[in-house]
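Every number in this text was worked out from the coordinates using simple rules, so none of it is lab data. Keep in mind it's a predicted model, so treat the numbers as computed, not measured. Cβ atoms come from the backbone with ideal geometry, glycine included; neighbour counts cover every protein chain shown.
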Amino acid sequence: MMAIRNADIDGNPATTPDPSWTPLLVTPNHPEYPGAHPCGTGAQAEVYAAALGTRHIAVKIHGSAGGTPNNWAATETFKHVSDLQRQIVDARVWAGLHYRGSGDAGLVLARKVSHWALRRYFQPVS
């Protein structure tokens with residue numbers, strides 16, 4: 001991904017190029033837009049909010065510790081839906097997997113699809 005290396009040609013005066021930048025991970029061969037992980041995790045966060053009746057959540061998610069595969073000792077607690085959603089977009093950008101706009105588009109899609117499904121299929125039972 002050449003997002004940061006070519007920041008001088010992106011049309012955004014707020015970005016500056018860094019020719020020595022390399023992504024944290026090897027950029028995978030999968031669709032870049034919209035970011036799939038923000039779609040899935042973003043929708044999951046919306047479902048948490050709906051189930052709990054608040055956007056203030058206390059969700060602990062396990063992750064790989066120290067970059068070691070399958071070492072799920074690291075945890076992070078997210079207190080608000082937007083915290084979880086913001087971090088998943090940031091992580092995908094920092095890893096060099098997606099452009100920020102693709103992650104943001106994934107979150108928009110996540111909100112729309114999850115809200116649509118919740119309104120139609122997850123109704124209270126009397």
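As a proxy for reagent exposure, R120, R92 were ordered by neighbouring Cβ count within 10 angstrom, fewest first; the result is R120, R92.
For the range 1-64, a simple Cβ point-charge model (Lys and Arg +1, Asp and Glu -1, everything else neutral) yields a dipole of about 320 debye relative to the Cα centre. Evaluated with a Cβ-only charge set (Lys, Arg +1; Asp, Glu -1), the range 33-121 carries a dipole of roughly 280 debye about its Cα centre, given to the nearest 20. Note that the chain shows a convex hull volume over its alpha carbon atoms of 143 Å³ per residue. Rounded, prolate or oblate: which one fits the range 60-108, using the alpha carbon gyration tensor with axes a ≥ b ≥ c (rounded when a/c is under 1.5, else prolate when a/b beats b/c, else oblate)? The shape class here is oblate.
If you rank I88, I61, I4, I9 by fewest surrounding Cβ atoms within 10 Å, what's the result?
Values: I88 25, I61 15, I4 18, I9 10.
With the sparsest Cβ surroundings first, the list reads I9, I61, I4, I88.
Would you be so kind as to identify which of I61, F78, F122 lies farthest towards the positive end of the dipole of the chain, taking Lys and Arg as +1 and Asp and Glu as -1 on Cβ and the Cα centre as origin? Farthest towards the positive end: F122. To the nearest 10 degrees, how steep is helix 36-52 against the longest Cα principal axis of the chain, on a 0 to 90 scale? Long axis of 36-52 versus the principal axis of the chain: about 30 degrees.
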